[in-house]
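> I'd like to ask you about the structure that follows.
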Amino acid sequence: MRVLLIALFVVHGVCMAQEWPARPIRLIIPFPAGTTDILGRAYATRAQLGQPVVTENVPGASGAIGYQRVARAAPDGYTLAVASTGTFAVSPSVNPKVGYDPLRDFTPIAMYTRLPIVLVVHPDTPAQNVKELIDHAKRHPGELNYASVSPGTTSHILGEMMKLQAGIDVVHIPYKGGAPALTALLAGEVHLLFSSLIEAMPHIQSGRIRALGVADARRVAALPNVPTLPELGLAMDTPIWYGLFAPAGTPEPIVRRIAADLQRVAGNDDMKRFLAGQGGEATFLGPEPFREHLARELDKYGRVVREAMLSAN
């Protein structure tokens, strides 16, 4: 009987995949605007799945409301989500009550974008480079502060990583979103911020903020003179990745089909030019390698959270 049920399930999944998609696909973007919205729409407008991919912004609770909705959706390929390092590798470690488990509640489809994080400072900050920043912080503990997008986000954990590795005391000032954090830096309310390059680049180019280092293993083509933090002795190879996820239990044939389309988009010259213009990089990691990468990221950031005793409170 059990063998028969399994066989029926497999046949049902194959038939569903053959008929799919019969209606538009909903792509949940769990933020109102910003990098996740830009990159989610970048895929949706280029998708070729036989039906439109319609974006829906479901903001709230640092992405948790949107992700909880996707986790509860039917695993039929008609509800997807955009997720990133911050929401799926950092937040669950910082906040155990976030309301979703990235590995248990979702099926990874593919990673398609890699985006550098840059350490930027207000021009009045008494440091022209990372060494001077660290030296000043050591001479004046607690004087400097750094902004984060909100507690438990990538910008928060990178600030704590820098503090731990450099042995410095810098005060964390949380904000409610990337735009308010960057606005605070531009206004001189805070001294430094780990920002996505998409959001920081226009202000770096205008001279309103100064880039000191890139949290990546390689330099950014758009900022060739800005060193990487690993070059400067900080083990912070921590670019942000973005990818698509479906509810757990989504049939494998559907997952493979979406992944193949995402691979096509990531390899498209138009997408590469678009991301390069935003300071990003088109990349691709399929379902199983992406799941393995996510598991490693959860372990990596989980160790930092425990060592720094971070919480979302």
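What follows draws every value from the coordinates through simple rules; no lab data is involved. Quick caveat, the model's predicted, so the values are computed rather than measured. Heads up, the Cβs are rebuilt from the backbone with ideal geometry, glycines too, and the neighbour counts pull from every protein chain shown.
> Given R₀ = 30 Å, what would the calculated FRET efficiency be for residue 225 paired with residue 65, taking r from the Cβ atoms and rounding to 0.05?
Efficiency, rounded to the nearest 0.05: 0.15.
> At residue 179 and residue 97, where each label point lies 7 Å from the Cα along Cα→Cβ, what is the point-to-point distance in nanometres?
2.9 nm
> Please say if the range 40-83 is rounded, prolate or oblate, where rounded means a/c under 1.5 for a ≥ b ≥ c the square roots of the C-alpha gyration tensor eigenvalues, and otherwise the choice is prolate for a/b larger than b/c and oblate otherwise?
Oblate is the answer for the range 40-83, as a/c is 1.5 or above yet b/c matches or exceeds a/b.
> Output the 0 to 90 degree angle, nearest 10, between the alpha-carbon long axis of helix 130-139 and the longest principal axis computed from the alpha carbons of the chain.
Here the helix axis deviates by roughly 60 degrees.
> Using only DSSP helix segments of four residues or longer, with each worth -39500 (n - 2.57), what per-residue ellipticity at 222 nm results for the chain after dividing by its residue count and rounding to 500?
-13000 deg cm²/dmol
> What FRET efficiency would be calculated for the residue pair residue 295, residue 165, taking the C-beta separation as r and a Förster radius of 30 Å, to the nearest 0.05?
Numbers: r = 24 Å, r/R0 = 0.78.
Calculated transfer efficiency: 0.80.
> Taking 0.36 nm per intervening residue step and subtracting the Cα-Cα distance, what contour gain separates residue 303 from residue 23 on full extension?
Gain in length upon complete extension: 96.5 nm.
> Quick check of the Kirkwood formula: for the chain, what is the inverse mean of 1/r over all pairs of different Cα atoms, in Å?
Kirkwood radius, the chain: 20.2 Å.
> Next question. Roughly how compact is the range 117-232, stated as its Cα Rg over 2.2 N^0.38 Å to two decimals?
In units of the 2.2 N^0.38 Å rule of thumb, it is 0.95.
> If you line up the long axis of helix 252-267 against the longest principal axis of the chain, both from Cα atoms, how many degrees apart are they, to the nearest 10?
Approximately 50 degrees, to the nearest ten.
> How charged is the neighbourhood of residue 277? Take every other residue with its Cβ under 13 Å from the Cβ of residue 277, and add Lys/Arg as +1 and Asp/Glu as -1.
Details: positive: 272, 273; negative: 269, 270, 281.
My count for the surroundings of residue 277 gives -1.
> Right, next: Lys/Arg Cβ at +1, Asp/Glu Cβ at -1, dipole of the chain taken about the Cα centre: which of 198, 147, 236 is farthest positive-ward?
Value: 198.
> So if R0 is 35 Å, what FRET efficiency would residue 288 and residue 41 give, r being the distance between their Cβ atoms, rounded to the nearest 0.05? If you can, show how the numbers build up before the last one.
On the way: r = 27 Å, r/R0 = 0.77.
In this case the efficiency is close to 0.85.
> Taking K and R as +1 and D and E as -1, what net charge do the other residues with C-beta under 13 Å from the C-beta of residue 34 add up to?
Once all neighbours under 13 Å are counted, the net charge is 0.
> Here is a further query. Can you tell me the relative contact order of the range 117-232? Whole percent, Cα pairs under 8 Å, sequence separation 6 or more.
Once divided by the residue count of the range 117-232, the mean separation gives 36 percent.
> If you average the alpha carbon positions of the range 121-197 and of the range 50-82, how far apart do those two centres end up, in angstrom?
Cα centres, the range 121-197 to the range 50-82: 32 Å.
> Please express the shape of the range 188-247 as an equivalent ellipsoid: the semi-axes are the square roots of 5 times the eigenvalues of the C-alpha gyration tensor, given largest first in whole angstrom. Spell out each step's value before the answer.
Values: eigenvalues 92, 56, 30 Å².
Whole-Å semi-axes of the equivalent ellipsoid: 21, 17, 12.
> How much length would be gained if the chain were fully extended between residue 129 and residue 217, taking 0.36 nm per residue of separation minus their Cα-Cα distance, in nm to one decimal?
Taking residue 129 through residue 217 to full extension adds about 29.9 nm, to one decimal.
> By how many degrees, between 0 and 90 and to the nearest 10, does the Cα long axis of helix 35-44 differ from the longest principal axis of the chain?
Roughly 30 degrees between the two axes.
> Further, regarding this structure: How charged is the neighbourhood of residue 157? Take every other residue with its Cβ under 13 Å from the Cβ of residue 157, and add Lys/Arg as +1 and Asp/Glu as -1.
+1
> P(r) of the range 152-297 in 5 Å steps, Cα pairs, percent per bin?
Going from the shortest bin to the longest, the percentages are 2, 8, 15, 18, 18, 16, 11, 8, 4, 1, 0.
> To make sure I understand the rule: partners must be lysines, Cα under 30 Å from the Cα of residue 163, and not fewer than 8 residues away in the same chain. Which ones qualify?
97, 131, 138, 176, 300
> Same structure again: Over the chain, what is the relative contact order in whole percent, taking alpha-carbon pairs under 8 Å and six or more residues apart?
26 percent
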